[in-house]
1. Which of Gly80, Gly14, Gly122 moves most in a GNM of the chain, Cα contacts under 10 Å?
2. Can you tell me the length gained on complete extension of the stretch Asp106 to His135, counting 0.36 nm per residue apart and subtracting the Cα distance?
3. Quick check for me: using +1 on Lys/Arg Cβ and -1 on Asp/Glu Cβ, what's the dipole size of the chain about its Cα centre, in debye to the nearest 20?
4. Taking a ≥ b ≥ c as the square roots of the eigenvalues of the Cα gyration tensor of the stretch 65-112, is the shape rounded (a/c under 1.5), prolate (a/b larger than b/c) or oblate?
5. Quote to one decimal, in nm, the extra length available between Ser15 and Gln46 on full extension: 0.36 nm per residue of separation minus the C-alpha distance between them.
6. Calculate how steeply helix 107-121 sits against the longest principal axis of the alpha-carbon atoms of the chain, using the helix alpha-carbon long axis, and give the answer as 0 to 90 degrees to the nearest 10.
7. Rounded to whole Å and sorted largest first, list the principal axis extents of the Cα atoms in the chain.
8. By how many degrees, between 0 and 90 and to the nearest 10, does the Cα long axis of helix 91-102 differ from the longest principal axis of the chain?
Amino acid sequence: MKKRVFEFTCPNCGSSFFMARDTYLIKDAKSLEYSRLKDHTYFRHQCQSCKVLFDLDYPLIYRDGKRRFSLVLAQSLPQGMEGQVILTKSPAQFLDAFSILDLGLDPRRVLPILIALRKQHGENTYLFDFDAKNHLIWFQSPEGPLTVGYF
């Protein structure tokens, strides 16, 4: 892990603050960071002034050596990246890509399903598991869990 100090501004009250955040993560399934990526709370922050929750947006590289991919949150790809590299431009895109790739699924097949489910069940719908034996993808929506066949 590498840390860097960033300045952030609350989108609600405009309060400005500095915070050290990781800019490079290597997959460790036992880590708090991995757990927070899995449950889509990794970028979440509560403003100390107005108490509003919002996502922090800053550059991040996540590397999964076993699955051989790097996931990048930035406006452009950094120089010298090797292997399969996926560029995302927002924390929401990063978390969607992380959820799909971490489960070993194909983003080209899963993203259209996720987009359709969000239209039906709201933007807070996200992928959280894959049952390979029964070929089911599990999503969490505000109304509760959803399953979709994946063949």
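1. Ranking Gly80, Gly14, Gly122 by mean-square fluctuation puts Gly80 first.
2. Difference between extended and current length: 9.1 nm.
3. Dipole about the Cα centre, nearest 20: 280 debye.
4. Oblate is the answer for the stretch 65-112, as a/c is 1.5 or above yet b/c matches or exceeds a/b.
5. 10.0 nm is the gain from fully extending Ser15 to Gln46.
6. 80
7. Cα spread of the chain along its principal axes, largest to smallest: 47, 39, 28 Å.
8. Compared with the principal axis, the helix lies near 40 degrees.
Rule-based calculations on the coordinates, nothing more; no lab input. Quick caveat, the model's predicted, so the values are computed rather than measured. Glycine also receives a Cβ, built like all others from the backbone with ideal geometry; neighbour counts cover every protein chain displayed.
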